[in-house]
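Trainee: Right, I'll just put the structure down here and ask away after.
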Amino acid sequence: MERREIAGLLAYMGRLDPRTMRTDPGELRDQVDQWQELLGDVPLATDHGWDARTAVRAHVLSSPYPVLPVDVARQWKKHSGDRLDRHTDPVPAADPDDVASWRAELLGTRHAVLAGQRPPNEQRAITAAEATVDPAVEARLRAIGSCIPPHVRQDLAPYRPAKARREQLVAEGLPDVLAVPCGWCGAAVNQSCRARRVVPRGGATSHRPMKTAHPSRVEAAAALAYDTHRQETAA
């Protein structure tokens, strides 16, 4: 800020907080000198969101202490630092083989953002768009009913017996027992039933997954399948 800008800022501050006003010409000159010494590289206002008067007003509203030049300087440092954090270096127009020019352009852009001479170059987020599926892939999914071919499922069956058993039941038209929670062992939906590991004197130490479901869960799954079939038939 120049001296006339400092003087204008002090006059504005004096209207908001009369304690900061100086009527003696010598004291006023010393005050201007002090503020310019600390705020000489801080702009009064920029076209990109900074105004020293706003910082003064915010301090008067939030603090019982008189405004000091360091308070404005800290607000400017926070403002410019936030702008630089949101800045993404654009690709310089200089020749990449000319390292000095390339570096000078990058630093010049950053200094302009810090000084409030230009807005930060913010990287835009990737926006959501409608997913498009290749027609050939979509036709194959309709044909096999899954993204995993049947022969691959057979190869994976020994490594996931619970999943294989579930798929077999569904293929045979039987109810999917894992579609409902188990009221006996507390297993959630899509989780296998659990059996307790006990010690000789009694008491459970842990649980192990079961390959089959508890009878009560089988009955609950059958009831759900029956209700679903009845609703589909009625519709």
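The values are calculated or read from the model by the stated rules, or taken from the named source; none is laboratory data. It should be emphasised that the depicted structure is a prediction, and the values quoted were computed from it without experimental measurement. Here the Cβ is made from the backbone with ideal geometry for all residues, glycine too, and neighbour counts use every protein chain on show.
Trainee: Among the residues of the range 91-107, write down those that are in contact (Cβ under 8 Å) with a residue 12 or more places away in the chain and surrounded by 11 or more Cβ atoms within 10 Å (Cβ to Cβ).
Mentor: PRO92, GLU105, LEU106
Trainee: Moving on. For the range 33-43, does any single residue satisfy the condition of being in contact (Cβ under 8 Å) with a residue 60 or more places away in the chain and under 23 Å from THR109 (Cβ atoms)?
Mentor: yes
Trainee: Another question, then. Would it be correct to say that ARG53 is of a type in the set (Lys, Arg), surrounded by fewer than 13 Cβ atoms within 10 Å (Cβ to Cβ), at negative phi and in a helix (DSSP H, G or I)?
Mentor: No; evaluated as a whole, the condition is false for this residue.
Trainee: Give the residues of the range 1-27 that are touching a residue at least 12 places away in the same chain (Cβ under 8 Å) and among the hydrophobic types (A, V, I, L, M, F, W, C), sorted by residue number.
Mentor: MET1, ILE6, ALA7, LEU9, LEU10, MET13, LEU16
Trainee: Go over the candidates ARG118, ARG83, ARG29, ARG110 one by one and state the one that is under 21 Å from ALA7 (Cα atoms) and surrounded by 12 or more Cβ atoms within 10 Å (Cβ to Cβ).
Mentor: The conditions single out ARG29.
Trainee: Does the range 191-208 hold any residues that are hydrophobic (A, V, I, L, M, F, W, C) and either at pLDDT below 80 or more than 24 Å from ALA164 (Cβ to Cβ) (or both), and which are they?
Mentor: Listed by number, the residues that qualify are VAL198, VAL199, ALA204.
The rows are residues; the columns are (1) touching a Gly at 6+ places or on another chain (Cβ under 8 Å); (2) over 13 Å from THR212 (Cα atoms); (3) surrounded by 11 or more Cβ atoms within 10 Å (Cβ to Cβ); (4) not assigned by TED's automatic domain parsing to the domain that holds HIS229.
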| site | (1), (2), (3), (4) |
| --- | --- |
| GLU138 | no, yes, yes, yes |
| CYS147 | no, yes, no, yes |
| LEU169 | no, no, yes, no |
| GLU172 | no, yes, no, no |
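Trainee: Considering each residue of the range 204-217, count those that are part of a helix (DSSP H, G or I) and more than 42 Å from the chain's Cα centre (by Cα), and give that number.
Mentor: Qualifying residue count, the range 204-217: 2.
Trainee: Consider ARG140 carefully, then state whether it is in a helix (DSSP H, G or I), of a type in the set (Lys, Arg) and modelled with pLDDT of 85 or more.
Mentor: Criteria not met by ARG140.
Trainee: State which residue pairs qualify: first residue in contact (Cβ under 8 Å) with a residue 40 or more places away in the chain and inside the range 205-231, second residue assigned to a helix (DSSP H, G or I) and of a type in the set (D, E, K, R) in any location, beta carbons under 7 Å apart, and separation of 6 or more residues or different chains.
Mentor: If the second residue must be assigned to a helix (DSSP H, G or I) and of a type in the set (D, E, K, R), the pairs left are LYS211/ARG165.
Trainee: A further question on this structure: Within the range 70-123, can you find the residues that are of a type in the set (S, T, N, Q), in a helix (DSSP H, G or I) and not assigned by TED's automatic domain parsing to the domain that holds ALA58?
Mentor: Listed by number, the residues that qualify are SER101, THR109.
Trainee: Would it be correct to say that ALA94 is of a type in the set (A, V, I, L, M, F, W, C) and touching a Ser or Thr at 6+ places or on another chain (Cβ under 8 Å)?
Mentor: So ALA94 fits the description; yes.
Trainee: Which residues, taken from the range 56-70, are surrounded by 15 or more Cβ atoms within 10 Å (Cβ to Cβ) and either of a type in the set (Phe, Trp, Tyr) or within 31 Å of the chain's Cα centre (by Cα) (or both)?
Mentor: HIS59
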